[in-house]
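Novice: Structure incoming, see below.
Nothing in this text is a laboratory measurement; each read-out follows from the coordinates by a stated rule. Treat the numbers as computed from the prediction; the structure is a model and nothing was measured. No Cβ is skipped: glycine too gets one built from the backbone with ideal geometry, and neighbour counts run over all protein chains shown.
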Amino acid sequence: MFAPLRIRVPAAIACAMLVVALSPVAAQTAGPGLAPIVPQTPGFTSKPVLVAPITGVEGKELVLISVTLAPGASSPAHTHPGDCYGTVLEGTMELRVAGQEPRRLTAGESYSTLANPVHQFTNVGDTPVRLLNALVVEKGKPRTVPQSEPVK
């Protein structure tokens with residue numbers, strides 16, 4: 001069994017994640033026209049809910065992404081050119097990262113993937129999974145790079 005991952009997240013990122021996670025109004029008003037950054041597949045949806053600069057860090061931005069997985073659904077395999085920090089808000093999911101053992105995570109547990117490893121989320125429960133991911137990426141560059149092969 002995995003212990004919850006303890007991640008040191010800068011206070012500004014942690015506060016932004018908390019505001020979005022607890023505020024449906026914030027998610028609805030964060031920015032119309034924010035397009036999904038991963039191809040949507042049956043049972044999988046992702047939507048940026050906030051894109052913001054990071055004080056004192058030129059050329060980088062924070063992107064908060066709301067993710068929902070229906071029971072049995074998976075995200076497409078993908079990479080990020082920056083670090084990804086996330087938390088499970090509801091449900092039980094498996095995180096598969098290339099070269100690592102799969103990790104099962106439940107509501108209240110967190111995870112991180114550093115830039116570039118191929119990874120994928122799968123709902124292994126019988127209720128929807130809701131995730132909130134925070135990406136720290138370069139402004140103007142692709143935030144997500146879909147991969148053709150699933151993570152094994």
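Novice: Provide the per-residue ³J(HN,Hα) series for segment 124-131, in order, calculated from phi with Karplus coefficients 6.51, -1.76, 1.60 and θ = phi - 60°, each as a whole number of Hz, with x at glycine and proline positions.
Specialist: Each residue of segment 124-131 in turn: 9, x, 10, 10, x, 9, 10, 10 Hz.
Novice: Within the set of other residues whose C-beta is less than 13 Å from the C-beta of Glu101, count the net charge using Lys and Arg as +1 and Asp and Glu as -1.
Specialist: +3
Novice: Any idea how far apart Lys139 and Val57 come out in nm if each label point goes 7 Å out from Cα toward Cβ?
Specialist: Simple spin-label model gives 1.4 nm for this pair.
Novice: Net charge around Ala77, counting only other residues with Cβ within less than 10 Å of its Cβ (Lys, Arg = +1; Asp, Glu = -1)?
Specialist: +1
Novice: Determine the relative contact order of segment 38-85: mean sequence separation of Cα pairs under 8 Å and six or more apart, normalised by residue count, in whole percent. Intermediate values should be presented prior to the final figure.
Specialist: Details: 58 pairs, mean separation 19.6, N = 48.
Result for segment 38-85 is 41 percent.
Novice: Still on this structure, please answer the following. Excluding residues fewer than 8 places away in the same chain, name every one of the aspartates and glutamates whose C-alpha is closer than 15 Å to that of Lys152.
Specialist: Reachable aspartates and glutamates: Glu94, Glu101.
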